[in-house]
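Asker: The structure is given below, and queries will be raised subsequently.
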Amino acid sequence: MKTVAIKRALLSVSDKEGLAELGRALAARGVELVSTGGTAKALRAQGLEVRDISELTDFPEMMDGRVKTLHPKVHGALLAVRDDPEHQAALKAHNICPIDLVVVNLYPFAETLAKGAGRDETIENIDIGGPSMLRSSAKNHAYVTVVTDPADYDALLAELEEHDGAVSPEFRKSQAAKTFAATAAYDAMIAGWFAFADQGERLPSSLLTGGRKADELRYGENPHQHAALYIPAAVSARGVAQATQVQGKALSYNNLNDADAALELVGEFAGGPPTVVIVKHANPCGVASADSLIDAYRAALECDSVSAFGGIVAVNRPLDGQTAEAITEIFTEVVAAPDADDAAKAVFAKKKNLRLLITGDLPDAARPGLMMKSITGGMLVQSRDNGRIGEADLTTVTKRAPSKQELADCLFAWTVAKHTKSNAIVYVKDGATAGIGAGQMNRRDSARIAAVKAREAAETYGWSEPRTSGSAVASDAFFPFADGLLAAVEAGATAVIQPGGSIRDDEVIAAADEAGLAMVFTGMRHFRH
């Protein structure tokens, strides 16, 4: 391939950003401008001479603009192989003028979905002619330059300047690749809307995903791995990827993963009392609710101050200066909050490496969605774990029913366990985690590890006994044997919340009764791998 001079350009864009400047620059180089509808009107408003597409095709736009570029004189002009004698003869025989540059972006389907448009408006914003022109141009990039992103207009003009009105093959190839990615993502978004929103499918026969690269990260979980952050064309919920980073160095793969885990958990407490979540390696190491954020932070930190070092903090309400001061007393990687006052920002400004993320709304814990995990040769897909349990969903299975405070602590512990890697055991007392055991191969060890952490906390802070004494304990799945329950008894727990459903439930219930525990079943499991 070689450089190709730009003599004729077809411009048809929904996003008019940068259009005027591009049109003027092309016209100044003597490029003939061909355009459609609103794009032609916008260019003429700049005093530019524009040829209507209907002049090129000898056929009028019709059906409210649905049919205007789907014509052999357009696609012949885009697909002709310029050095093929037969193609040249066909161009001449049918009076088709070659088009050298196509600048097209598509109907705003994502924006239409975002504003909650009805079905008819949504369908009307499915672009047909645009993707067709883009694909024709991209396929024939040996001769045609295609640009679909306004952010690339300056690069196009730089190419024209460098090559005296022509475009290099390298630029055409890169833009063709970008164009096919853009049309694929666009089609995937439309297919997703039809499958999920229109047809109400949970797991469609074909699952298409598309996203744009928002950021190339320094590396993945480890330095030898490559990584990037991608954002889907149609975002169903705002999260870490949409947060505003107020300060601090660039977020890493692990920072984003951990901050997401923290934000998802604190979202469970949206609208509740001041709540703080501390996460390390995607597992909570301290969670607490209190009358103020500062009290909640201190209680969360006391659960496991060792693991909190270098952790992620998320809160469920705007951050204040006093809490920010407390957070900076130990090394913290990231703080995520719906907002932060000026005093908090001033405190964090003294810690140049600490990242402060302003999230706005917290993610809705009950929202639908899909979770995906790649496996060798395939992809596992499941619905989000958006299951939630209230008092009315619980069944008391022991002789003693839980007290009001035990019940509140059970539900708190259950919520935290939902976001803790299996096997998960979580002790809670008075709205604060007392010990968390995560990711063990058996439930008994998770219970023991959580108890050890609670004893270490008592030693660190000079308490007379660990906070597991008189606590409620949650298990993300049923106790298959009584040993895990007995480990919780040894730690001082007085109430238990678990799914139930083991063939040995009777044995476990009997052990609970013998120990004087109150135990409730949820009937719901929260495995997390």
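The values are calculated or read from the model by the stated rules, or taken from the named source; none is laboratory data. Small disclaimer: the values here were computed from a predicted structure and weren't measured. Note: ideal-geometry Cβ built from the backbone for every residue, glycine included; neighbour counts use all protein chains shown. The area values use the complete protein model at the heavy-atom level, side chains included, leaving out ligands, DNA and RNA. Shrake-Rupley method; radii C 1.70, N 1.55, O 1.52, S 1.80 Å.
Asker: For helix 153-162, what angle does its Cα long axis make with the longest principal axis of the chain, in degrees from 0 to 90 and rounded to 10?
Answerer: On a 0 to 90 degree scale, this one is about 50.
Asker: Give me the angle, in degrees from 0 to 90, between the Cα long axis of helix 482-491 and the longest principal axis of the Cα atoms of the chain, rounded to the nearest 10.
Answerer: Tilt of helix 482-491: around 70 degrees.
Asker: Sticking with this one: Would the chain count as rounded, prolate or oblate if I go by the C-alpha gyration tensor, calling it rounded below 1.5 in a/c and otherwise prolate when a/b exceeds b/c, oblate otherwise?
Answerer: On the way: a/c = 3.14, a/b = 2.39, b/c = 1.32.
It is prolate, given that a/c is not under 1.5 and a/b is the larger ratio.
Asker: Sticking with this one: What are the GluC sites (Glu not before Pro) within region 129-209 that DSSP puts in a loop, where the Cβ has at most 13 other Cβ atoms within 10 Å? Each step should come with its number before you reach the end.
Answerer: Values: sites: Glu159, Glu161, Glu162, Glu170, Glu201; in loops: Glu201.
Sparse-neighbourhood loop GluC sites (Glu not before Pro): Glu201.
Asker: Something else: Students often check this: by mean Cβ neighbours within 10 Å, which of 125-138, 352-365, 451-464, 207-220 ranks highest, and how do the rest follow?
Answerer: Values: 125-138: 21.1, 352-365: 18.3, 451-464: 15.9, 207-220: 14.2.
The peptides rank, most packed first, as 125-138, 352-365, 451-464, 207-220.
Asker: With the full set of protein chains in place, find how many percent of the accessible area of the chain is carbon and sulfur; take the probe as 1.4 Å.
Answerer: Values: 12720 of 25180 Å².
That fraction is 51 percent.
Asker: Please list, in chain and number order, the residues 5+ apart from Arg51 or on another chain whose amide H is under 5 Å from its amide H, with Hs placed from the backbone.
Answerer: When sequence neighbours closer than 5 places are left aside, the close amide H contacts are Leu33, Val34, Ser35.
Asker: Now for a separate question. Per residue of region 82-91, what does 6.51 cos²θ - 1.76 cosθ + 1.60 with θ = phi - 60° give for ³J(HN,Hα)? Whole Hz please, x for Gly and Pro, Karplus curve as stated.
Answerer: Going residue by residue, I get 5, 9, 9, x, 5, 5, 5, 5, 5, 4 Hz, with x marking Gly and Pro.
Asker: Given an 8 Å cut-off on Cα distances and at least 6 residues of separation, report the relative contact order of region 300-353 as a percent. Show your work: numbers first, answer last.
Answerer: On the way: 65 pairs, mean separation 21.5, N = 54.
Here the relative contact order equals 40 percent.
Asker: From the helices alone, meaning DSSP H stretches of at least four residues, give me the mean residue ellipticity at 222 nm for the chain, per-run term -39500 (n - 2.57), in deg cm²/dmol to the nearest 500.
Answerer: Numbers: 19 runs with 197 residues, N = 529.
One gets -11000 deg cm²/dmol as the mean residue ellipticity at 222 nm.
Asker: Going highest first, how would you order 438-445, 309-316 by mean Cβ packing within 10 Å?
Answerer: Values: 438-445: 18.0, 309-316: 24.2.
So the order, starting with the most tightly packed, is 309-316, 438-445.
Asker: Moving to a separate point now. What relative contact order, as a whole-number percentage, does the chain give when Cα pairs under 8 Å and 6 or more residues apart are counted? Each step should come with its number before you reach the end.
Answerer: Numbers: 1092 pairs, mean separation 46.5, N = 529.
Contact order relative to length: 9 percent.
Asker: Please give me, ordered by residue number, the GluC sites (Glu not before Pro) of region 1-89 that lie in loop per DSSP and have at most 16 other Cβ atoms within 10 Å.
Answerer: Details: sites: Glu17, Glu21, Glu32, Glu49, Glu55, Glu61, Glu86; in loops: Glu17, Glu49, Glu61.
Those that pass, being in a loop and sparsely packed, are Glu17, Glu49, Glu61.
Asker: Still on this structure, I have one more. Where both residues lie in the chain, what percent of DSSP beta bridges are antiparallel, nearest 5? If you can, show how the numbers build up before the last one.
Answerer: On the way: 39 of 69 bridges.
Counting only bridges with both partners in the chain, antiparallel ones make up about 55 percent.
Asker: A follow-up question, please. Once each part is reduced to its C-alpha centroid, what is the distance from region 272-333 to region 35-49 in angstrom?
Answerer: Value for the Cα centre distance between the two parts: 56 Å.
Asker: Using the Karplus equation 6.51 cos²θ - 1.76 cosθ + 1.60 (θ = phi - 60°), what ³J(HN,Hα) coupling, rounded to whole Hz, does each residue of region 452-467 give in order, writing x for Gly and Pro?
Answerer: Taking θ as phi minus 60°, the curve returns 4, 4, 5, 5, 5, 5, 4, 5, 4, 9, x, 7, 6, 8, x, 6 Hz for region 452-467.
Asker: Would you pull out the residues with amide H under 5 Å of Ala434's amide H, same chain only if 5 or more places away, H placed 1.01 Å from N?
Answerer: Those qualifying (amide H under 5 Å, at least 5 residues apart or on another chain) are Tyr427, Val428, Lys429.
Asker: Just to check I understand the Karplus step: with θ = phi - 60° and J = 6.51 cos²θ - 1.76 cosθ + 1.60, what whole-Hz values come out for region 169-184, glycine and proline as x?
Answerer: Going residue by residue, I get x, 5, 5, 5, 5, 5, 6, 5, 4, 5, 5, 5, 5, 5, 5, 5 Hz, with x marking Gly and Pro.
Asker: According to the square roots a ≥ b ≥ c of the eigenvalues of the Cα gyration tensor, what is the shape class of region 68-224, taking rounded for a/c under 1.5, prolate for a/b larger than b/c otherwise, and oblate for the remainder? Mind dumping the intermediate values first?
Answerer: Working: a/c = 2.28, a/b = 1.37, b/c = 1.66.
Verdict is oblate for region 68-224.
Asker: As I understand it, the value is the acute angle between the Cα axis of helix 505-515 and the longest principal axis of the Cα atoms of the chain; what does it come to in degrees, rounded to 10?
Answerer: 50
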